[in-house]
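Step one of this worksheet: look at the structure below.
The values are calculated or read from the model by the stated rules, or taken from the named source; none is laboratory data. Because the structure is a prediction, the values reported are computed rather than measured. Every residue, glycine as well, gets a Cβ built from its backbone with ideal geometry; the counts of neighbours run over all protein chains shown.
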């Protein structure tokens with residue numbers, strides 16, 4: 001394809017090579033041929049015959065297998081221009097390579113036999129790749145949470161300063177959402193079933209004819225095909241297609257990952273604005289075409305951007321499922337060719353970026369401390385109040401005095417651009433009778449982080465550890481960032 005034609009950004013910029021291969025033309029049509037072989041083998045093994053002679057022979061199967069992967073695209077493309085049917089074009093092309101088996105390719109099947117079964121297979125493989133990257137991301141963030149489990153930082157509610165937490169504790173919030181996504185992915189993947197070969201309206205009428213109403217053999221067709229294709233079961237009932245709710249459930253899993261990733265990326269963007277934590281920034285990276293000093297959070301912004309795309313893309317399968325008529329309608333086809341594949345490509349790109357960011361996060365403890373200490377005097381007032389009461393002060397009177405001094409310190413910061421001088425004001429006020437040492441004791445950040453370090457340790461041990469141990473062989477996925 002030349003530079004004068006549209007090329008998807010997913011191919012050039014975002015999705016990794018492995019996910020692109022799963023949704024490639026080679027993978028699609030090679031899977032079609034595997035399905036045709038599985039159908040033919042099943043029919044042969046069940047003794048399909050005509051006038052006492054086998055309809056399908058091992059020689060035919062061997063011929064089909066010998067051309068399983070070498071797709072003759074030009075023949076198929078030329079044929080499709082004539083007949084306007086992609087499946088029949090590839091049946092014809094396969095038959096040109098396999099003249100002995102040409103007459104039995106696709107025997108008893110409808111187009112959805114290869115189309116829908118392939119879609120389920122590709123989605124299953126796509127989810128497996130997403131699973132690996134999700135587990136690796138959880139591992140990277142877990143290492144980060146462990147490292148910074150007890151580093152106090154200013155927490156925010158409504159993006160306003162709130163009671164401190166730790167950098168590691170905040171990271172567990174990201175991890176927990178990705179763990180929920182992993183649970184959803186595992187459940188949906190475990191419930192995916194092959195369509196099997198049900199015929200034009202799902203009644204298996206063609207196989208009733210082929211096998212002379214031998215119900216025992218007909219009942220074995222779908223389980224045998226499913227086993228050959230690596231599935232435990234085929235769907236129990238269907239029209240011509242599998243229920244389009246399959247696509248909805250799968251894309252909802254991907255959308256869940258997009259939601260978690262967007263939350264993660266938004267936090268990093270805000271933290272980078274505060275100069276507390278930054279995403280990786282390469283030596284020769286340019287942050288702005290005009291402002292050479294800038295270090296824009298490009299990767300996190302791209303995560304947010306692709307996540308927004310995926311969240312909206314997930315609406316397509318839901319609308320498609322809702323608009324199906326009876327046993328089949330074709331208004332799903334064009335939409336599904338785009339929305340399902342691009343949903344996976346987007347999710348892959350998002351996770352690649354998340355991995356890259358998580359592996360290279362840069363923390364600036366001094367900046368974190370500076371911001372925390374600027375707000376801590378306000379948060380320490382409750383402890384200061386209790387210390388003053390212990391020394392004989394009147395709780396109600398001191399509370400009012402702290403309120404007044406807090407307003408004065410706040411005005412010094414906001415109106416005059418000065419430092420937070422609340423501690424100095426309290427020290428100078430004889431009503432409190434507190435020494436410099438006593439006031440400084442109240443300013444230890446670790447007095448205000450609650451059980452954050454312990455929560456991190458318990459979460460990593462009880463929730464994350466078993467998952468990482470279970471999927472130890474999937475760890476170590478690398479982030480593939482093109483630009």
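General observations
- Residues located in segment 145-164, provided they are assigned to a helix (DSSP H, G or I) and in contact (Cβ under 8 Å) with a residue 24 or more places away in the chain: 145, 146
- Close pairs from segment 293-309: first over 22 Å from residue 254 (Cα atoms), partner at pLDDT 95 or above, Cβ under 7 Å, at least 6 apart: 295/278; 297/268; 297/269; 297/272
- Considering residues of segment 403-418 that are surrounded by fewer than 19 Cβ atoms within 10 Å (Cβ to Cβ) and in contact with a helix residue (DSSP H, G or I) (Cβ under 7 Å, 6 or more places away or on another chain) only, the residue nearest to residue 161 (Cα to Cα): 406
- Entirely in segment 195-290, the helices (runs of 4 or more DSSP H) that have 2 or more residues that are under 21 Å from the mean Cα position of the chain (by Cα): 245-274
- Tally of residues being in contact with a helix residue (DSSP H, G or I) (Cβ under 7 Å, 6 or more places away or on another chain) and either under 25 Å from residue 90 (Cα atoms) or without any contact (Cβ under 8 Å) to a residue 24 or more places away in the chain (or both) across segment 12-35: 13
- Any pair with Cβ under 9 angstrom, 6 or more apart, that starts in segment 234-255 at a residue that is over 21 Å from residue 325 (Cβ atoms) and ends at one that is modelled with pLDDT under 95: 234/198
- Check on residue 108, without any contact (Cβ under 8 Å) to a residue 24 or more places away in the chain, more than 27 Å from residue 343 (Cα to Cα) and over 36 Å from the mean Cα position of the chain (by Cα): no
- When residue 199 is tested against (1) at pLDDT below 95; (2) out of contact with any helix residue (DSSP H, G or I) (no Cβ under 8 Å at 6 or more places or on another chain); (3) closer than 30 Å to residue 40 by Cβ, just one condition goes unmet, and that condition is (2).
- Top-ranked residue in segment 353-368 [being over 14 Å from the mean Cα position of the chain (by Cα) and assigned to a helix (DSSP H, G or I); ranked as surrounded by the fewest Cβ atoms within 10 Å (Cβ to Cβ)]: 366
- Flag for residue 423 being in a loop (DSSP other than H, G, I, E, B), buried (at least 16 other Cβ atoms within 10 Å of the Cβ), over 41 Å from the mean Cα position of the chain (by Cα) and modelled with pLDDT under 85: no
- In the set 396, 477, 440, only one residue is within 19 Å of residue 143 (Cα to Cα) and either free of Cβ contacts under 8 Å to residues at least 24 places away in the same chain or not in a helix (DSSP H, G or I) (or both); that residue is 477.
- In the set (1) assigned to a helix (DSSP H, G or I); (2) surrounded by fewer than 18 Cβ atoms within 10 Å (Cβ to Cβ); (3) touching a strand residue (DSSP E or B) at 6+ places or on another chain (Cβ under 8 Å), residue 59 fails one condition alone, (3).
- Restricting 120, 135, 167 to those that are under 25 Å from the mean Cα position of the chain (by Cα), under 22 Å from residue 367 (Cβ atoms), buried (at least 21 other Cβ atoms within 10 Å of the Cβ) and in contact (Cβ under 8 Å) with a residue 60 or more places away in the chain reduces the list to 167.
- Test: residue in segment 88-104 that is under 34 Å from the mean Cα position of the chain (by Cα), at pLDDT below 95, closer than 30 Å to residue 232 by Cα and part of a helix (DSSP H, G or I): no
- Yes/no for residue 183 being within 16 Å of residue 468 (Cβ to Cβ) and without any contact (Cβ under 8 Å) to a residue 24 or more places away in the chain: yes
- Given (1) modelled with pLDDT of 95 or more; (2) crowded, with 16+ Cβ neighbours inside 10 Å; (3) over 18 Å from the mean Cα position of the chain (by Cα), index of the condition residue 339 fails: (3)
- Test: residue in segment 343-352 that is closer than 23 Å to residue 21 by Cβ, out of contact with any helix residue (DSSP H, G or I) (no Cβ under 6 Å at 6 or more places or on another chain) and assigned to a helix (DSSP H, G or I): yes
- In this entry, residue 129 passes the filter for residues that are within 22 Å of residue 476 (Cβ to Cβ) and either surrounded by fewer than 22 Cβ atoms within 10 Å (Cβ to Cβ) or touching a helix residue (DSSP H, G or I) at 6+ places or on another chain (Cβ under 6 Å) (or both).
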